[in-house]
Amino acid sequence: MEQSVTAIEIAYPTRKEGAFPSAIGSMRPRAQVIFNLERGGGVSDTRTHWVPPRVARAFERDLPELPCSYDHATQLLDELEKNLCLSALTEMLGRREYGTHEAERKLHQAGFRRGAIEHALKRAQELRFLDEERFLRSYIDERIRRGWGRIKIEADLRRRGANPFSLEGYPEVFFSIEDDRARASALLERKPIPERNAFERLVRHLMSKGFSYAVAADAVRSRLASVEDVDDADDSV
């Protein structure tokens, strides 16, 4: 038997709930859209849909005319959530590139439901707003400019749920031993030489930036040798 919506209530999270999420990276507090239902024979019931506050506010501004069928009311809510989820994703991508997995996680944390997220991701991919290959290339190039090594870049991409090996020609197109040594050496030029255990400490520094031990050790040896050459030249004056 079809259920009829006789009233709709909106309950928003409190300021305290919004200011103090339960954990870093957890889902933000959501609003409740409560449908009061009646069926034949005077039987009443309620159904609650949890949605992001922005969806609840937009729904509250344009509630369906009551009474109406439960299917009609929930369809309107679902369509509204899909549209606002796509808008939220577009806003995110306007600030920076995202990988698909990271974008999905961010939308989930914002409180959007699975159907809305899947719709937004698919539509953004169709429009080329969301492009995994473009994200990976942009991310890798930007981190290389920062001086990161391959190991650190790959580890951070794994944390974001992205796979650089899906790129054609990876890693050879992006990394070479010569370039890695040059970038490692450039990092050392800006770092003072420690007075004690210089080799070990500088190697650890470069490895923390994502360079392999072999690359780090070569760069450190060259740096220390250049300092020794300068010292010998000064002594001979």
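The values are calculated or read from the model by the stated rules, or taken from the named source; none is laboratory data. Bear in mind that the values here come from a model prediction, so they are computed numbers and not experimental data. Cβ sites come from the backbone with ideal geometry, for glycine too, and all protein chains shown count toward neighbours. Surface areas here come from the heavy atoms of the whole protein model, side chains and all, with no ligands, DNA or RNA. Shrake-Rupley method; radii C 1.70, N 1.55, O 1.52, S 1.80 Å.
At-a-glance table
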{"read-out": "Scan of segment 28-42 for residues that are open to solvent by 60 Å² or more (accessible area, probe 1.4 Å) and either in contact with a strand residue (DSSP E or B) (Cβ under 6 Å, 6 or more places away or on another chain) or over 19 Å from LEU84 (Cα atoms) (or both), ordered by number", "value": "ARG30, GLU38, ARG39, GLY41, GLY42"}
{"read-out": "Residue that is farthest from LEU136 (Cα to Cα), among those in segment 148-164 that are small (Gly, Ala, Ser) and touching a residue at least 60 places away in the same chain (Cβ under 8 Å)", "value": "GLY149"}
{"read-out": "Conditions (1) under 26 Å from the mean Cα position of the chain (by Cα); (2) surrounded by 14 or more Cβ atoms within 10 Å (Cβ to Cβ); (3) assigned to a helix (DSSP H, G or I); (4) not small (Gly, Ala, Ser): number failed by LEU77", "value": "(1)"}
{"read-out": "Looking only at segment 202-232, and only at residues there that are surrounded by 15 or more Cβ atoms within 10 Å (Cβ to Cβ) and of a type in the set (D, E, K, R), the one that is nearest to the chain's Cα centre (by Cα)", "value": "LYS209"}
{"read-out": "PHE112 vs. criteria open to solvent by 80 Å² or more (accessible area, probe 1.4 Å) and under 30 Å from LEU76 (Cα atoms)", "value": "no"}
{"read-out": "Odd one out for LEU107 among (1) in a loop (DSSP other than H, G, I, E, B); (2) open to solvent by less than 20 Å² (accessible area, probe 1.4 Å); (3) free of Cβ contacts under 8 Å to residues at least 24 places away in the same chain", "value": "(1)"}
{"read-out": "Top-ranked residue in segment 166-201 [being in a helix (DSSP H, G or I) and within 15 Å of ASP141 (Cα to Cα); ranked as least open to solvent (accessible area, probe 1.4 Å)]", "value": "ASP180"}
{"read-out": "Residues located in segment 209-229, provided they are touching a residue at least 24 places away in the same chain (Cβ under 8 Å) and either acidic (Asp, Glu) or closer than 12 Å to GLY149 by Cα (or both)", "value": "LYS209, GLY210, PHE211, SER212, VAL215, ALA216, ASP218"}
{"read-out": "Close pairs (7 angstrom Cβ cut-off, 6 or more residues apart or separate chains): closer than 22 Å to THR14 by Cα in segment 24-44, aromatic (Phe, Trp, Tyr) and modelled with pLDDT of 90 or more anywhere", "value": "ARG30/TRP50; ALA31/TYR12; GLN32/TRP50; VAL33/PHE59; PHE35/TYR70"}
{"read-out": "Where a residue in segment 57-71 is within 11 Å of ILE8 (Cβ to Cβ) and its partner, wherever it lies, is assigned to a strand (DSSP E or B) and open to solvent by 60 Å² or more (accessible area, probe 1.4 Å), with Cβ under 8 Å and at least six apart", "value": "LEU66/THR6; PRO67/THR6; PRO67/GLU38; TYR70/ARG47"}
{"read-out": "Options LEU121, LEU130; residue that is touching a Ser or Thr at 6+ places or on another chain (Cβ under 7 Å), open to solvent by less than 40 Å² (accessible area, probe 1.4 Å) and assigned to a loop (DSSP other than H, G, I, E, B)", "value": "LEU130"}
{"read-out": "Residue check for ILE144: of a type in the set (A, V, I, L, M, F, W, C), part of a helix (DSSP H, G or I), closer than 16 Å to LYS209 by Cα and open to solvent by 20 Å² or more (accessible area, probe 1.4 Å)", "value": "yes"}
